Each structure stands twice: as C-alpha cells, then as structure tokens.
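Written out below as structure tokens is the structure these notes cover.
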Amino acid sequence: MRVLFIQDNGINESLALCELSALLKAHGHETAVLLEREERDLDAAIEAFAPDWFLIPCSILAHTWALGIARRIRARFPGRPVIFGGTHPTFYPEIVESPDIDAIIVGEAEGAALDICEALARGDDFADIPNVWLMRDGQVVRNEKRPLLAPLDDLPLPDRGMYFRYPFLRAFGWKKFMSGRGCYHSCAYCYNPKIRESYHGLGVYVRRKSPERAVAEVLWMKQNANLKIAHFSDDLFISDEDWAEEFSERYRREIGGVPFTCNATVDLVREKSVAALARAGCRAVAIGIETGDETLRRMIMKKDITDDQIRDAAALLKKHGVMVVTFNMIGNPGETMESAFRTMELNAEIGADCARLTFGIPLPRTRYADYAVDIGVLAPDDAARLPDITDIAAAGPHPIFKTDNARELINLYYLFRLGVARPGLIPLIKKAVRCPVPFVFKPFSLNMFLVEKRMFNLGWFEGFRYYLHVGSPDRRTTNFVFLI
C-alpha cells in the first residue's frame, strides 16, 4: 500500500512520523511526506505519488488546517481514506465525527497504521483495529488501545530521509532526535499525565532506546545529511546515570566533533550525568523553570522543584562548561506581576544563557486548564472550545487568561531576555512595562535570534534560508515527540 503523509510546513520534522514510515516500509509498504507550504502544485504532487490512503498528523494547534486539507483531499481525490493521528485525535477523538475524515488513530500510531495497510491490501474494512475510531451508521466505533510499543530498539532506524525531498531540510545543520518515549512527571500543564493515564495497564509508559541505538540514529544523519549540532528532545534524556554515561562514551567515540544539546528536568541534573555529557560535547541543557514563583510552580503547575534545586542544577551545568537554556511561562492563572518579574529575576540569578519564554497556554483537558476555570480566569465556554482557539501564539504574544495586566505582560514578554542578560536593568524594566503603547518594545525581542545563533552555532544564511521556508515558528503540524 502507498501511504501519504501531509504536513503544513517543515518547521518540525516529526520523529514519530519517521519511525512510523520506517516500520511501514519494513513491511513492504511505500510512504512519502508532502509539505503544503513547499509544494507549488500540491494536487499534482499527490497524484504523482498516487497514494492508497492519507495519514494526516493533526495537532491541537493545527487541527483547523488539518480539517481544511482533509476537505480538499476528499473533494479532489475521492475514494481514498483520509485518517488523522496525533495529539488532537488522541485528546479530542470526537473529531472523528467530521464528515471530511474516515477515521482517527488514537495514541501511538505504528500498530494501527500497519494494520490499516494490511486490511486495505486485503480489501477488508478496518472497523475493528485497536487504536482506531471511526463512524459507522451514524455511531462512533471506539476500539480499545493496544499495548504500548516496546522494546523501542526493535523498530527499524527512523526514515529521516523521507524529508530530504526538500533540500532545505537536508541542508539545515540542526537536527532533532529522541532517545525514548514518555515521561513520569505529572506537570499540570502537560499532555503526559493524561496520555499515561489513558494507557494504564497497557505497558510501561516510559521507555528508552539503548545508548547504542540512540547513537546509531545520529550517525546515520551525520553520514547522510548536513549535521552541525544534534538535539535530543525527550524530557528524560538523563534520567538514568548509567545510560547517560554509556551514551556519552559512545557518542564521543562514534560521532565526535558534532556537539549536541538536550532537554532535562531539574531533578535529573546530577554530577555523574553532567560530567559525562560534557565530555561527549554537550553544548547546552534545557531545563524547565516555568515560573519564578515557587508556590505557583509547585502547587498549581505541579512541577515539584524548588528555587534552590534550580540554582543548584544551573550551577552544576555551568561548572562543567554546559550552557543553561530555560523554559518559562508568564500570564499563568493565579500569577501576579510580581510573580512574572520573579521569573525574570530567577533566570538572571542563575545566569541563564538562553531564556525561552511563552505565554501560558491551557492545553485542553489538563489540570492547568481546569484550575484556570476554577479561579475564574478562563470561562467555561472557552475551556470547552479550546481546540478551536487555534493559532494562539501565532496571533501575537498575549495572555490567554483573564488579567488586569495584559499590557504590562506583553511589554514584559519583549523585555524579558534583556532583563535576564542585564540584571541591572530590571528595576527600569519594572517601570517600563507600564508603557501605554502596545508592542513599542518588540524590537528588543530580536535579540533572541542572536542568542539562538550562538547556542546552535548556525550561520546567518543558513538560518535565514530555513526561516524563509518554514515561516512563523508558531505554525507546527506536530508538537509532541511520540505522537504523529
């Protein structure tokens, strides 16, 4: 069978889609991916591949786009099933009722997609396949989930080459990888607790690839594309000190000369792991601060780390010459301006090399969104229609929750990194955020390009070319590492 994946743009090469593609190809099927933004004639490209069915990655922040593409396919290529997978179908399976799609895959897609291929090849229906929901006679057929995929090393190497149809992706020096699936933390604003709960009794949620396998994926990319720096996207990259040490030795020996970055949680930043990463060429580690208000962080966001733990983790990373990247949110439910300022101050205190900042976004059906409703900063009607509040960030940075400080928060958003880099200016920034002219401080946010360039050691032309292709970084087809 010939399976066609369609995404909106190439800003986020889907690692889950690459693993799915490799599995389907290993079983004799053919796959391809098309990026709508890159195709001058999308219909001609679809016809040239002649797919038997379409699989559309559909995230909560891009489901309106996905439905539009499905409608277009249905009109121009009738008779070929259109199936959605990803975060939106997993959290909002009622999208299956849309007349523009034939079915959805809920959760991990590998087994379901393979079964769909085999059913269609036999000329059979796919109404009873685990992880698949669909409509029959006006009723939703809700099939049970299959066990979680394991061991991950049994999967073939990801089909990263399918994105090389687009030369700018092959040429871009920053490449993303993942060494595992799942997370055992229970942060209130994250998808993971809900996904983990939905798979209760169906296997171990947190799974890791072996160090050998993780390095093999990087080596393939080094041999087949332009690889200047690697990034490991999974949250628990250094959850196992022995794993991190073995990985680091292999990486240094087999990939030597290509620096890498990774994500971690503060509680996992330990001496043995950090020392091993540094020896292997780790350039930066990203940790989640989220907010400088410890009470808000621990009691509301359910991120049970203290300010002292954050200070210690940053100091340990810097001790070994590893740069500190932080993830932060402002405009949270229950947050005051003093809390938001404290987030900037804590980043400055630890000497964050790159402070990434977003406005708090209530992902549907998370405890974070429920709390916002409970305290009256998110209307129940808005909470019910969160899937339809798309392009939240793309509309321009602004608070989603009700607040009397919207203007001040927007101004702080633009001045935040300046305060982190120049702590002496923080008293002035606290006054400047009262400026009544919206977006007057927007030019200060351009500094983030300089910081990111230094972090990832990429050239100006390389970055500009990539930006011209992908457009706004807020338009993402996929936004969760192991859901397509």
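What to note about this one:
- Residue-wise HN-Hα coupling along the stretch 305-314, computed from phi with Karplus coefficients 6.51, -1.76, 1.60 (Hz; x: Gly, Pro): 10, 9, 4, 5, 5, 5, 4, 5, 5, 5
- Of Lys176/Lys209; Lys176/Lys228; Lys303/Lys430, pairs whose Cα-Cα distance is over 21 Å: Lys303/Lys430
- 222 nm mean residue ellipticity, helices alone, for the chain (DSSP H n ≥ 4; -39,500 (n - 2.57); rounded to 500): -11500 deg cm²/dmol
- Longest to shortest principal axis, alpha-carbon extents of the stretch 219-295, angstrom: 48, 25, 16
- According to the calculation over all Cα-Cα pairs in the stretch 174-457, the P(r) per 5 Å bin from zero is 1, 5, 11, 15, 16, 16, 14, 11, 6, 3, 1, 0 %.
- Reach of Lys319 by Cα under 17 Å, taken over lysines that are not fewer than 8 positions away in the same chain: Lys272
- Principal-axis analysis of the Cα atoms of the chain puts helix 271-280 at an angle of about 70° to the longest axis.
- Cα-based equivalent ellipsoid, the stretch 285-408: semi-axes from gyration tensor eigenvalues, Å: 28, 14, 13
- Packing-based ranking, highest mean first, of 341-352, 21-32 given that Cβ atoms within 10 Å are counted: 341-352, 21-32
- Virtual spin-label span in nm between Lys25 and Trp220, 7 Å along Cα→Cβ: 0.8 nm
- The residues Ile289, Ile95, when put in order of fewest to most other Cβ atoms within 10 Å, stand as Ile95, Ile289.
- Taking the C-alpha atoms only, the angle from helix 110-122 to the longest principal axis of the chain is near 20 degrees.
- Compared with the dominant Cα axis of the chain, that is its longest principal axis, helix 447-456 is turned about 70°.
- Span per principal axis, largest first, for the Cα atoms of the stretch 2-142 (Å): 39, 33, 28
- Once the Cα-Cα distance is subtracted from the 0.36 nm per residue extended length, the Ala171 to Asp154 segment shows a gain of 3.2 nm.
- FRET efficiency, Leu450 to Arg385 (Cβ-Cβ, R0 41 Å, nearest 0.05): 0.60
- For the pair Asp137 and Tyr467, the difference between a 0.36 nm per residue extended length and the Cα-Cα distance amounts to 114.2 nm.
- FRET efficiency, 1/(1 + (r/R0)^6) with R0 45 Å, evaluated for Met299 and Glu144 via beta carbons: 0.80
- Lysines with Cα under 21 Å of Lys145, excluding same-chain neighbours fewer than 8 positions away: Lys194
- Note on Glu39 and Lys442: the model spin-label points, each 7 Å out from Cα along the C-beta direction, lie 3.3 nm apart.
- Modelled FRET efficiency - R0 45 Å, Phe164 with Asp242, Cβ distances, 0.05 increments: 0.80
- Of all DSSP-defined beta bridges confined to the stretch 2-142, some 30% are antiparallel rather than parallel.
- The stretch between Leu428 and Arg122 holds 103.2 nm of extra length on full extension. This uses 0.36 nm per residue minus the Cα-Cα distance.
Read the figures in this text as sums done on the coordinates, not as results from a lab. Just so you know, these numbers come straight off a predicted model, no measurement behind them. Neighbour counts are summed over all protein chains in view; Cβ atoms, including those assigned to glycine, are modelled from backbone coordinates with ideal geometry.
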